[in-house]
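The values are calculated or read from the model by the stated rules, or taken from the named source; none is laboratory data. Note that the structure is a prediction, hence the values are computed from the model and not measured. Note: ideal-geometry Cβ built from the backbone for every residue, glycine included; neighbour counts use all protein chains shown.
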Number of protein chains: 2
Amino acid sequence: MTTLPTFADVQAAARRLEGIAIRTPLLENARVNAKLGGRLFIKAECLQRTGSFKIRGAYNFLASMSEADRKKGAVGWSSGNHAQGLAEAGRLLGVKTTIVMPADAPALKVANTRASGAEVVLYDRVKESREEIGQGIAKKTGATIVPPYDHVWILTGQGTAGLELAEQAKALGVTLDAVAAPCSGGGLSTGTALGVKGIMPNATVHAGEPAGFDDLARSLASGQKEKNAKLSGSICDALLAPEPGDVTFPLAQKVLGPGLVVTDEEVLDAMEVAFREFKIVVEPGGAVALAAALTGKLPVKGRNVAVICSGGNVDHATFIRALSRAKTA
Amino acid sequence: MTTLPTFADVQAAARRLEGIAIRTPLLENARVNAKLGGRLFIKAECLQRTGSFKIRGAYNFLASMSEADRKKGAVGWSSGNHAQGLAEAGRLLGVKTTIVMPADAPALKVANTRASGAEVVLYDRVKESREEIGQGIAKKTGATIVPPYDHVWILTGQGTAGLELAEQAKALGVTLDAVAAPCSGGGLSTGTALGVKGIMPNATVHAGEPAGFDDLARSLASGQKEKNAKLSGSICDALLAPEPGDVTFPLAQKVLGPGLVVTDEEVLDAMEVAFREFKIVVEPGGAVALAAALTGKLPVKGRNVAVICSGGNVDHATFIRALSRAKTA
């Protein structure tokens, strides 16, 4: 792809996802609005099939493949939401999927991926490379590699979340001033920008990242791809991509406003607010954009702002940790 | 009222609630379905304004009052969801509300009720009667008493949740075999039966109750109003009405199937499943119908079943208790 994807590509993805992706609700809370002095909307993608937005991109990818390629299957690597999204998309479309997962991945995530009918290949995080294993499978079987974010079919699929939220806001008579989405490699945030701006061209769209893993925010500021110093160490396990993608970064430069960076503590506080006021379960990585709005890093005062809560696949212990921080419990 | 309310009354309530009540999503989970051998849908009323379905009935009540009566205000008593629903309905319609709440009610619930603009009158649970206080206020000010369930305007308002869920199932091409809703005084369950049966006449509709507080189940079985032996002692704090209502019981006899009774332990397990698989926050009383489906008391195998999760106003400690029971955490 030398040309950047457009709003029309997101609309085409939305047609493919019709009846497949749940039209997740746009939630609002009078008390939170009063506190922030504006209107804050949450697009609750934690309620999406497989517990995160990832099914949107994965399904759009598989549905866009040729029938001949689909027969040869698809392969991906992920220890988290992309694995479950890809496996479930394969089940829905009758495409055999193979997912390369770390041998020390949580048993529940492995079981959930298998429950969708995917073949799970376990690898040793220390001694082996998941990319090499995945590429080996692709070479041997002819399966197509489905990347987690750096592909136009993925990002335009994710962008349907942004398209929907703008449509839902419009149905309420609301013109959004700003939208924010969690960001790892930039698929959701850039796709969301395409989807939102096609309906509300004046809205700014921002990517939220955890402190220490703000490669996109720094890359947007410097004008070139910047890497994170570390590969792990944030509670936001879904947002640890080392650098912006080759497909997503040029698009991000065109469609995204300045990045938003939040701490793990701010993320835990946002998870608690999501529990207490919005009654939804949000995983740490899914709560970064909400955290930016609640802390004022993304100003809500006097404005209409929407944030995507992108997933709810959080383990019990981490959720209890968030609830235990409550000031009002 | 000597004639029983009908489907048309629920439809009229739905028109009043248009743009006011959130059209909460109907959620489904592939793994849960596979485990139960059928299709289970959750109507997520915990995502409703004020965190429970109660705004539906309260708003419908206030909107049905004459303008002259509305100017004189409304009064109600509740320590929980009805208080918040009535207060917020009053705010939305510009009706002054007074809520009589126990002095030992959780500070957060009192604050939330006040945040909607209601005047809160605190009383001593041991020495005073909230009914007497509320009736005194009504007498002095001309305010209308808004009961929590035993009124046709309330139950037909609550019934819009059932109407919506049947419409949502129909849009998915699904004909429901059975529907269940949590039950305290019977407003939600009887209203839901009217709403569901207007669209899917062959569906059976059931009220879920906590063990020891199964007055409606016993009343339906015996054919006369039965009382509960205790007034407290279940984790389901929202479902402790002492006996079926004078308005709701005759209707329940006509429209409800046999009652479903679940233990507090089964309720806590259902809350954990709602967290883990559906990513929603459900309070104990809101989870009884889900618990009935998950335990097989309401059979799902080979059928299409919907349950209402009616509220999410649960304190942090109780939610942590539910999560801590997880077998898969």
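Would you point out which residue out of A:GLY57, A:GLY19, A:GLY37 is within 25 Å of B:VAL32 (Cα to Cα), surrounded by fewer than 23 Cβ atoms within 10 Å (Cβ to Cβ), out of contact with any strand residue (DSSP E or B) (no Cβ under 8 Å at 6 or more places or on another chain) and not β-branched (Val, Ile, Thr)? Steps first, answer last, please.
Details: A:GLY57 fails: surrounded by fewer than 23 Cβ atoms within 10 Å (Cβ to Cβ); A:GLY37 fails: within 25 Å of B:VAL32 (Cα to Cα).
The match here is A:GLY19.
Limited to the range A:108-130, what total is found for residues that are more than 14 Å from every other protein chain (Cβ to nearest Cβ) and either under 21 Å from the mean Cα position of the chain (by Cα) or more than 21 Å from A:MET65 (Cα to Cα) (or both)?
11
Quick grid of which residues meet (1) away from chain A (no Cβ under 14 Å); (2) part of a loop (DSSP other than H, G, I, E, B); (3) acidic (Asp, Glu):
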residue	(1), (2), (3)
B:CYS236	yes, yes, no
B:LEU239	yes, yes, no
B:PHE275	no, no, no
B:VAL282	no, yes, no
B:THR318	no, no, no
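Suppose the filter is within 14 Å of chain A (Cβ to nearest Cβ) and surrounded by 17 or more Cβ atoms within 10 Å (Cβ to Cβ); does B:ALA83 pass it?
Working: within 14 Å of chain A (Cβ to nearest Cβ): no; surrounded by 17 or more Cβ atoms within 10 Å (Cβ to Cβ): yes.
Answer is no for this residue.
Residues checked against (1) farther than 21 Å from B:GLU18 by Cβ; (2) without any contact (Cβ under 8 Å) to a residue 24 or more places away in the chain:
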| site | (1), (2) |
| --- | --- |
| B:ARG70 | no, no |
| B:GLY73 | yes, no |
| B:GLY76 | yes, no |
| B:HIS82 | yes, no |
| B:ALA89 | no, no |
| B:PRO106 | yes, no |
| B:VAL110 | yes, yes |
| B:GLU128 | yes, yes |
| B:LYS140 | yes, yes |
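Give the residues of the range B:1-59 that are facing chain A (nearest Cβ under 10 Å) and within 20 Å of B:THR248 (Cβ to Cβ), sorted by residue number.
B:GLU45, B:SER52
What single numbered condition from (1) in contact with a Pro (Cβ under 9 Å, 6 or more places away or on another chain); (2) surrounded by fewer than 24 Cβ atoms within 10 Å (Cβ to Cβ) fails to hold for B:GLY311?
(2)
Starting from residues that are more than 14 Å from chain B (Cβ to nearest Cβ) and over 20 Å from the mean Cα position of the chain (by Cα), keep the ones in the range A:94-107 and report whichever is surrounded by the fewest Cβ atoms within 10 Å (Cβ to Cβ).
The first filter runs over the range A:94-107 and keeps only residues more than 14 Å from chain B (Cβ to nearest Cβ), leaving A:94-105.
Of the ones still in play, those that are also over 20 Å from the mean Cα position of the chain (by Cα) are A:94-98, A:102-104.
Values: A:GLY94: 10, A:VAL95: 24, A:LYS96: 17, A:THR97: 26, A:THR98: 22, A:PRO102: 18, A:ALA103: 12, A:ASP104: 12.
Applying the filter and picking the extreme gives A:GLY94.
Got a sec? Which of A:GLY90, A:GLY159, A:GLY134, A:GLY94 is at pLDDT 95 or above, assigned by TED's automatic domain parsing to the domain that holds A:PHE41 and of a type outside the set (S, T, N, Q)?
From the options A:GLY90, A:GLY159, A:GLY134, A:GLY94, the qualifying one is A:GLY159.
Of the residues A:ALA291, A:ALA306, A:ALA287, only one is crowded, with 24+ Cβ neighbours inside 10 Å and either touching a Cys at 6+ places or on another chain (Cβ under 7 Å) or within 14 Å of another protein chain (Cβ to nearest Cβ) (or both); which?
Values: A:ALA291 fails: either touching a Cys at 6+ places or on another chain (Cβ under 7 Å) or within 14 Å of another protein chain (Cβ to nearest Cβ) (or both); A:ALA306 fails: either touching a Cys at 6+ places or on another chain (Cβ under 7 Å) or within 14 Å of another protein chain (Cβ to nearest Cβ) (or both).
Answer to the selection: A:ALA287.
For residues that are touching a Pro at 6+ places or on another chain (Cβ under 9 Å) and part of a loop (DSSP other than H, G, I, E, B), scanning just the range B:245-264, find the one that is surrounded by the fewest Cβ atoms within 10 Å (Cβ to Cβ).
Per the criteria, the residue is B:THR263.
If A:LYS227 satisfies every condition in (1) surrounded by fewer than 17 Cβ atoms within 10 Å (Cβ to Cβ); (2) modelled with pLDDT under 95 but one, which is the exception?
A:LYS227 satisfies every listed condition except (2).
Any idea which residue in the range B:60-79 is nearest to the other protein chains (Cβ to nearest Cβ), counting only those that are buried (at least 24 other Cβ atoms within 10 Å of the Cβ) and at pLDDT below 95?
For the range B:60-79, the residue satisfying everything is B:SER78.
Hey, B:ALA270 hits all of (1) more than 14 Å from chain A (Cβ to nearest Cβ); (2) in contact with a Lys or Arg (Cβ under 8 Å, 6 or more places away or on another chain) but one; which does it fall short on?
Status for B:ALA270: all satisfied but (2).
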